[in-house]
1. Which order do you get for C87, C107 if you rank them by accessible area with a 1.4 Å probe, largest at the top?
2. In nm², what is the average projected area of the convex hull enclosing the Cα atoms of segment 195-295?
3. Residue by residue, what Karplus-based ³J(HN,Hα) values in Hz, rounded to whole numbers, does segment 256-266 have, using 6.51, -1.76 and 1.60 with θ = phi - 60° and x for Gly and Pro?
4. What residue among Q232, V174, G193 has its Cα farthest toward the positive end of the dipole of segment 160-295, where the charges are +1 on Lys, Arg and -1 on Asp, Glu, each on the Cβ?
5. Less than 27 Å apart at the alpha-carbon level, and either on another chain or at least 8 residues along: which lysines does that give for K241?
6. Go ahead and run the numbers for FRET between N292 and K236, Cβ-Cβ distance against an R0 of 35 Å, rounding to 0.05.
7. Can you list the lysines whose alpha carbon sits under 24 Å from that of K209, skipping same-chain ones fewer than 8 residues off?
8. Which value, in debye to the nearest 20, gives the size of the charge dipole of segment 173-269 about its Cα centre, when Lys and Arg are +1 and Asp and Glu are -1 at the Cβ?
Amino acid sequence: MDSLLSARIKPLPTHCRQIHSTIRPTLLLQFSRRLGKSQMEMGRCRTSFNSIAASVQPIEGSALSQFNNTLPSKEVLELWKSANAVCFDVDSTVCVDEGIDELADFCGAGEAVAEWTARAMGGSVPFEVALAARLSLFNPSLSQLEEFLAKRPPRLSPGIDELVKKLKANNIDVYLISGGFRQMINPVASILGIPHENIFANQLLFGSKGEFIGFDENEPTSRSGGKATAVQQLRKARGYKTLVMTGDGATDLEARKPGGADLFICYAGVQHRENVAAKADWLVFNFVDLINSLE
């Protein structure tokens, strides 16, 4: 844990600067239903609400039936209820957007970057390769990031604020562990009342003139297996008996390993990645299920 903490607070060289803002981007996914059709068309709009209705492509009953983990087993439910700490992914879990996709879209490279994101989250490409490739497609400057953060505030997934409050009321520690960027995640933590020291995420780095120069490769979440490393070191340092990881992607699933997370809950309320969902201990499509199970 000492190495993890030191990586998080290690000062940047004097020629580099970071920006921390109190707001972050997202999309409001607006859907409309058509009679007789089983699919929803997703549209985008911006509002001033912190929590919005996330939409996903509806899953046919026959397709959903292949998953036998939508109802928790007795063992899974007991682990969830006895957790000392719960770690959440941020993009497409706590928030309805993929932060890097939104930043890229703002900078004019949204489609190309989104394709890389899908590959990274599906586990077909090493995360560090996908992260470097995506950033190289648009090289965001400090001024672009500042403008982006100012114009696109955070949008939370429905029910996440209530779930976090419930966990904290039960004296369960809450963490945000993300392959996204700390500049975008700090404001989300502030909204949810999560201490900033409970964030494990990447850092965008800028030169003296505000030019993009890369990301901090010392952060464990900057590479494949990084979330597992963060969870393992966190658990060892804090002595948690039971720890749960919740997310939508392959990098979140990786956190469930010896010395890491005891339980992986796949949240498919924004993105339903079937290869990840099939391997989850518990598959949920809304946070209400998790809230109700704590009653």
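The values are calculated or read from the model by the stated rules, or taken from the named source; none is laboratory data. The structure presented is a predicted model; accordingly, all values stated were derived computationally and were not measured. So basically every Cβ, Gly included, is an ideal-geometry build from the backbone, and we count neighbours across all protein chains shown. The accessibility values were calculated without ligands, DNA or RNA, using every heavy atom of the protein model including side chains. Shrake-Rupley method; radii C 1.70, N 1.55, O 1.52, S 1.80 Å.
1. On the way: C87 0, C107 35 Å².
Largest accessible area first, the residues go C107, C87.
2. 8.5 nm²
3. 8, 7, x, x, x, 6, 7, 9, 10, 9, 8
4. Q232
5. K74, K81, K165, K166, K168, K227, K257, K279
6. Details: r = 32 Å, r/R0 = 0.91.
It comes to 0.65.
7. K10, K151
8. Numbers: 10 positive and 10 negative charges, 59 e Å.
Here the size comes out at about 280 debye.
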